[in-house]
1. Give me the net charge of Glu94's neighbourhood, meaning all other residues with Cβ under 15 Å from the Cβ of Glu94; Lys, Arg count +1, Asp, Glu -1.
2. Toward the positive end of the charge dipole of the stretch 18-166, about the Cα centre and with charges on Cβ (Lys, Arg +1; Asp, Glu -1), which of Gly148, Tyr164, Leu78 goes farthest?
3. Suppose the chain between Glu74 and Glu7 were pulled fully straight at 0.36 nm per residue; how much longer would it get relative to their current alpha carbon spacing?
4. Express in % the proportion of alpha carbon pairs of the chain at distances exceeding 19 Å.
5. Go ahead and estimate [θ] at 222 nm for the chain from helices alone: -39,500 (n - 2.57) per DSSP H run with n ≥ 4, summed, over the residue count, rounded to 500.
6. Quick one: compute a quarter of the convex hull surface over the Cα atoms of the stretch 1-95 and quote it in nm².
7. Report the local net charge at Asp46: Lys and Arg +1, Asp and Glu -1, summed over other residues whose C-beta lies under 15 Å from its C-beta.
8. Quote the charge dipole size of the chain about the Cα centre in Debye, to the nearest 20; the model charges only the Cβ of Lys and Arg (+1) and of Asp and Glu (-1).
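Just so you know, all these numbers are worked out from the coordinates, no wet-lab data involved. Source: prediction; values computed, not measured. Reconstructed Cβ throughout: ideal geometry from the backbone, glycine too, with neighbour counts over all protein chains shown.
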Amino acid sequence: MFDKFGEFGSAEELNASAEGLKAEGDIESLKILAAENGLDEMDALDYADGVMPQLFTVTTAAIGKLVIEQNAIEAPELIGDWIDYIESEVMEDEEFAKAVRRKSKSLVGCLGAILKWSAEHMYMIDRAISSAAGSIKSPSGRVPNEVGFGAPGMATAKEIIRRYYI
């Protein structure tokens, strides 16, 4: 994920590195730094040309980290919705964005916290509902139409996400 430059803990750290690369005239490394942190080549070139005063903002540093981390995992359906919520919170709350960028926090860790809650709060679906779904085998295969479910509602997921990052 962060192969050449390693993981940075803040937009300030990223910008200090970018400033050094720009001062050295090392545009290729500047492009790599941007790419490793979720920005595209044009952002690096705009920064190198002085169009942008800094390469990263608090928000772009956090979103970039999330993009890189998400590209490293499979995140279908509901998991993607959780990630969308994290991204929207980053866009709205600068303190949350700073928390997302910290080295001690990761998207996988956050999703793991939600999964842990899900496993601890699993409940059995009412038989009328599972019967209406048709033939469903339980994980053990012994009880037809016995279905457990534990994914949190959106309000609970948001609470778990904020608690993890902050």
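1. Cβ neighbours under 15 Å give a net charge of -1.
2. The residue sitting farthest along the positive end of the dipole is Gly148.
3. Length gained between Glu74 and Glu7: 22.0 nm.
4. Here the tail beyond 19 Å accounts for 62 percent of pairs.
5. -19000 deg cm²/dmol
6. 6.2 nm²
7. Numbers: positive: Lys22, Lys31; negative: Glu19, Asp40, Glu41, Asp43, Asp49.
Cβ neighbours under 15 Å give a net charge of -3.
8. Values: 16 positive and 29 negative charges, 224 e Å.
Here the size comes out at about 1080 debye.
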